[in-house]
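Engineer: One structure, as structure tokens, below. Some questions next.
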Amino acid sequence: MAPTTAPAPPTRLQTRKPNGRIGWPLVVVAGAEKTGKSHMCAEFANSDLIGRLIWIPIGESDVDSFGQIADFDIEDEQDGTYRGLLNTVRKAVAEPRADPNKPNAIVLDSGTILWELLQDEADIIARSRAAEKAAKYNRQGPSADDDVVIGHSLWNRAKDRWRLVINTLRRHDGPVIVCCRLDEVTEFDAQGNPTRNRTWKVKSERSLPYDATVVLQLRSYRRPTLTAVRSLVMQLAPDEERTRPGLTLDALMRDLGMERNISVPPAPFVEPQPEAGLHEFEREAEQRVAANAAAAEMRRHATEGTVPTPQDVGQHIAQALRDGSDPRRALLMVRTAYTATILQRVTIPTKLWGHVDANTAITNLLADLNRTASTSGTGTPGRPPQPERSDTGGTPPQNDSSAGTTHQASDERQKPTEPPTSTPPASRSAPAPERAAPGDEPRSAKPATTKAAPRQKTRQQQQAERVREAVEKEAEYQARVLVIGKHEHLADIMPASGRTEDITTYDLTEFVKGARPAVKEALVAAGEAATISAYAMAPDGPCMTIDDVFANCQILKAPS
């Protein structure tokens, strides 16, 4: 086997100096009813800062009338679907410049209707699921007037589809303007209670103002108000007047420094790639399955008291050393699964220590990994390379001479530890354990001592155990309501060990809280009125009376 070594240093980080370029602005023009937001966008088509303006209408039918004041291009191939809109946005972003020295501008009108489209999609899917669930149990499905619960998975889907459109627009090599509707709504205090105050809110997905460079609100006709600006060029003082009568998009773009972008190459926008996580998740799932199977085999030996073959033990130790995340933890898991008692009965060959029992080999390997981590200064163990196929054995170190001891210590400082290699000769295999005769007392190297009484748990520890038990029960109830296994339900937070016991109480609590909307949706679809009422009264954190909540749930009582 090849020695354990510290990981190779990573390649040099590729960097660049800031070029001072102003990023292409994404401007949100939000206006109340008939305040001139579309008129402002049409006027921008006459600006000499751009070569062409592409207008993408969504649910708007009066865009052609603005052709009397400006020359621009209207997208004319939509079919009213999200997929058609996304393809249109992608084509608009890829359109070549009419003037090589001037960018194209894109107007998306409106972001409000786009978000309403995604909300309607989620509602239709939720109703379809509720109808299918009702038909499964021969019950009446929801009518058009009935409210259905949209689960968190559907909301996440809608947000992901919105994010895909916005990220596509952010890749555009030019300015982008998103029109939205503006509503005056009641203001709420920090506790969520309504107040007498009124405030203005942009009707769109809530993250749009954070993505925007400027948020321009038209609360009254042709009186724009700057409510948010992210710019080093155009800075607003806290006490500066935000309402700018007569402000145009052309003047706003100049104030943002858009003229500087003509001579400086565009800065790249790297879109996050969450799809890549799917392949990583699949690999992790395969590793969990393999690790669970190996751990089950190890536990079988510990339960039955049988001795595994040296080949199997050596292979599991080698696999633990190849663990890319934490080989120390993997080695400890091997010891825990087999138990130290079983490992002490298996002799394996090593290059530095000769033939030793597997438990001693793991102890030495852990010490070597700790030394490697402290030497490299990383605090984490170095990942060992792939094992060599070698049958070379070693000789045990000599302990009867001081010279030999000194030489051995010097070698250990210079050489890292070797993991186990091939199987030992038949003559060196572990002897079968002798069965103790009745009445024989077990031998002990240490004098018999009185076993200390277990320490009584503190009140905090007892409370923590009760909380953990309640959260695990709720996760199990959720899985049964959703008609899936508990491990499948917790797959997103399942650790590499595949054991639910290794999930932290905090992570388990947060997951259970996030899954409650989907469970409530399933309860509503099943007509569990009493259970949904009790579940709605559950606290935001762990529910200590979760058994009472699901005591009358007929789904759980139905025969499987």
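The values are calculated or read from the model by the stated rules, or taken from the named source; none is laboratory data. All of these numbers come straight from a predicted model, not from anything done at the bench. Here the Cβ positions follow ideal geometry from the backbone for every residue, glycine too, while neighbour counts run over all protein chains shown.
Engineer: Identify the residue in the range 76-86 that is more than 14 Å from Ile106 (Cα to Cα) and surrounded by 13 or more Cβ atoms within 10 Å (Cβ to Cβ) and, among all such residues, is modelled with the lowest pLDDT.
Structural biologist: Ranking the qualifying residues of the range 76-86, first place goes to Gln78.
Engineer: In this structure, does Asp250 turn out to be at pLDDT 90 or above and either within 26 Å of Ala122 (Cβ to Cβ) or in contact with a His (Cβ under 7 Å, 6 or more places away or on another chain) (or both)?
Structural biologist: no
Engineer: Specify the residue that is farthest from the chain's Cα centre (by Cα); the eligible residues are those in the range 51-72 that are under 16 Å from Lys34 (Cβ atoms) and not small (Gly, Ala, Ser).
Structural biologist: Checked the range 51-72; the qualifying residue farthest from the chain's Cα centre (by Cα) is Phe66.
Engineer: Let me ask something else. Could you check how many residues of the range 501-537 are surrounded by 17 or more Cβ atoms within 10 Å (Cβ to Cβ), of a type in the set (A, V, I, L, M) and part of a loop (DSSP other than H, G, I, E, B)?
Structural biologist: Number satisfying all stated conditions: 2.
Engineer: Yes or no: Val185 buried (at least 19 other Cβ atoms within 10 Å of the Cβ) and not acidic (Asp, Glu)?
Structural biologist: So Val185 does not fit the description; no.
Engineer: Considering only the range 258-359, give the helices (runs of 4 or more DSSP H) lying wholly within it that have at least 2 residues that are at pLDDT 85 or above.
Structural biologist: Counting at least 2 such residues, we get 310-321, 327-338, 340-343.
Engineer: What number goes with the only condition from (1) within 29 Å of the chain's Cα centre (by Cα); (2) acidic (Asp, Glu); (3) within 20 Å of Glu297 (Cα to Cα) that Asp312 does not pass?
Structural biologist: (1)
Engineer: In the range 131-160, how many residues are within 30 Å of Val89 (Cα to Cα) and either within 17 Å of the chain's Cα centre (by Cα) or among the hydrophobic types (A, V, I, L, M, F, W, C) (or both)?
Structural biologist: Matching residues across the range 131-160 total 10.
Engineer: Please pick out the residue among Ile106, Ile22, Ile50 that is part of a loop (DSSP other than H, G, I, E, B) and in contact with a strand residue (DSSP E or B) (Cβ under 7 Å, 6 or more places away or on another chain).
Structural biologist: Selected residue: Ile50, the only one of Ile106, Ile22, Ile50 that is part of a loop (DSSP other than H, G, I, E, B) and in contact with a strand residue (DSSP E or B) (Cβ under 7 Å, 6 or more places away or on another chain).
Engineer: Testing Ile166 on (1) within 30 Å of Lys557 (Cβ to Cβ); (2) surrounded by 12 or more Cβ atoms within 10 Å (Cβ to Cβ), one condition comes back false. Which one is that?
Structural biologist: Unmet for Ile166, out of (1) within 30 Å of Lys557 (Cβ to Cβ); (2) surrounded by 12 or more Cβ atoms within 10 Å (Cβ to Cβ): (1).
Engineer: Yes or no: Ala190 more than 39 Å from the chain's Cα centre (by Cα), of a type in the set (A, V, I, L, M, F, W, C) and surrounded by fewer than 15 Cβ atoms within 10 Å (Cβ to Cβ)?
Structural biologist: Against the criterion (more than 39 Å from the chain's Cα centre (by Cα), of a type in the set (A, V, I, L, M, F, W, C) and surrounded by fewer than 15 Cβ atoms within 10 Å (Cβ to Cβ)), Ala190 does not qualify.
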